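Every read-out reported here was derived from the displayed coordinates using simple, explicitly stated rules and does not represent laboratory data. Predicted, not measured: the structure shown is a model, and the values here were computed from it. Note: ideal-geometry Cβ built from the backbone for every residue, glycine included; neighbour counts use all protein chains shown.
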Amino acid sequence: MSRNDRHDKGLIGRTLARFGLGGGEPAPLEQARLDIAEGRPAEAARRLAPMARAGDAEAQIELARLYETGRGVVRNLADAAMWYEAAANRDHPEAIARLATLLMSGDGAAAGGAVLSALFPNGVGVGREPEKARELAVRAAEKGHVAAQALAGYLHAAGIGGPVDMAAALAFYRPAAEAGNAEAALGLGTLFAGGHLGKADFATARPWFSRAAESGNATAQTSLAVDLLQGLGGPADAPRAVELLGRAAAIGHGPALRMLGVMHLQGGHVTRDLAQGETFLRSAVARGDVEAAFRLGELEAERVPGEAREWYRRAAEHGHKGAMRALAEMLRHGRGGPRDAVAASQWLRAAAEAGDRDAQFGLGVAYAVGDGVGCDLGAAASWSQRAAEAGHSAAKVNLGRFFMQGAGVARDPAVALRWLRSAIDDGELAAIVALGELFAFWAEPADPVRARALFEHAARIGDARARDLLDRLDRDDAERAARTPPRP
């Protein structure tokens, strides 16, 4: 008998029993399910326990659900896992899938102390076991369990419990998505839109996002809204995007709340309303959206810098690189509170180590001038190089100067020339002046003609330092002329 047949038979039995038409009392398992359906979970747990101990897999699953949700019993994930595992050992797909979910998240905590240990011999929580969770999810997925297929797809896409395997993620996601699982449809859309299967394919992603969104998945609604706003994978449709964001925001989805907040602040696709925008952002923060805290910092930076500093700190403490850098700038300049160069450099370092190239550049400057850290030209050059290699044009100029002057690195005019030319290609005016200095004062032999041409070009654009350097070249020319004896 299939699971669906058992479900139908159970439903018929419960219905007959409810109206007294069953020709007798319902079986204990059906009575327990009836107790749960009619709000008597404690009575259900009392009925289920002996059946579960006797090895009835269906009873074990029902009892595990009660322990997992805390209905009719003290919530205890360890006991839930124990009963799911008992049913899983009987090869029950639902039990295998639920056990995989518990072990993936590792919710709960171990019981402590003699009294708690006596009351809860299995503990009260479940340790996180991602490898076992992945193995179980695959096992249930291969039996056709739709939710397990979605879970297995996610675990392979995210590299949880084993290596990232996008091909396997696709293979697990697709049948679950085609069966109507919203999480799997969202996963498929993410694989295609994110370019995880090759080049980003928004046209293929959009229908999957749409399927998941129609099922009420808030993340999919927000993802589809982004595509509709930007015209990715199909025509742009801002009104529908706003409607989708509203639906996701109504159920508390942080990113949707944040996007609506930004829209109201900017007046994009909705009426500009600063108060409404701030309300949406604060709601997003309350639901754990770190980017929203950063946005509130930006909003308050000029109006209430002290409050902005705290919003930046809140986002920074949750790993937001931009907030770390913004907080460092406020601390360095004493905006919104006392100046604290040491704390500023610490936040700059955190952002720099997280890969923020602007922070890497700023930390290089801090080491060069000794602001909040000891003056260390080697560290300055090292951080400048990391930022330059990430494409930061001002860092390229500084790095070029370090190699030009031999400051913190071995002097190497050829390397200096390469970095300065790269910065010029980026449109960095300071690089033109620095290259002129290289030709005028550091190259061997010097090339004052090329240096003058570069200084004159920069001076025409408006660089004051270039004009000063032209004056210096004129003085040097005059001094050389004065030292040169006249020809006979």
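Count charges around F455 for me, please; just the other residues with Cβ under 15 Å from its Cβ, Lys/Arg as +1, Asp/Glu as -1.
That works out to -2.
Where the only charges are on Cβ atoms (+1 Lys, Arg; -1 Asp, Glu), what is the dipole of the chain about its Cα centre, to the nearest 20 debye?
120
Under 18 Å from a label point set 7 Å out along the Cα-to-Cβ vector of R450, the amide N atoms of segment 391-405 belong to 397, 400-405.
A478 to E307: FRET efficiency via 1/(1 + (r/R0)^6), r the Cβ-Cβ distance, R0 45 Å, to the nearest 0.05?
0.20
Computed extension gain for C375 through Q276, at 0.36 nm per residue and net of the alpha carbon distance, reaches 31.0 nm.
Extension gain, D468 to R339: 0.36 nm times the residue separation minus the Cα-Cα distance gives 43.1 nm. Taken along its principal axes, the alpha carbon cloud of the chain reaches lengths of 135, 58, 45 Å, longest axis first.
Based on Cβ point charges of +1 for Lys and Arg and -1 for Asp and Glu, what charge dipole magnitude is obtained for segment 428-483 about its Cα centre, in debye rounded to the nearest 20?
Details: 9 positive and 12 negative charges, 24 e Å.
It comes to approximately 120 debye.
Here T204, T222, T484 are placed in order of increasing Cβ neighbour count within 10 Å, fewest first, which gives T484, T204, T222. Net length available on complete extension from R418 to A27 is 132.5 nm, with 0.36 nm assigned per residue and the Cα-Cα distance removed. In the chain, the longest principal axis of the Cα atoms and the axis of helix 341-353 are about 70 degrees apart. For the chain, the longest principal axis of the alpha carbon atoms and the long axis of helix 3-18 meet at an angle near 50°. Helix 130-141 and the long axis of the chain differ in direction by around 50°, with both axes built from C-alpha atoms.
Can you compute the charge dipole magnitude of segment 356-416 about its Cα centre, using +1 on each Lys and Arg Cβ and -1 on each Asp and Glu Cβ, nothing else charged? Give it in debye, rounded to the nearest 20.
180
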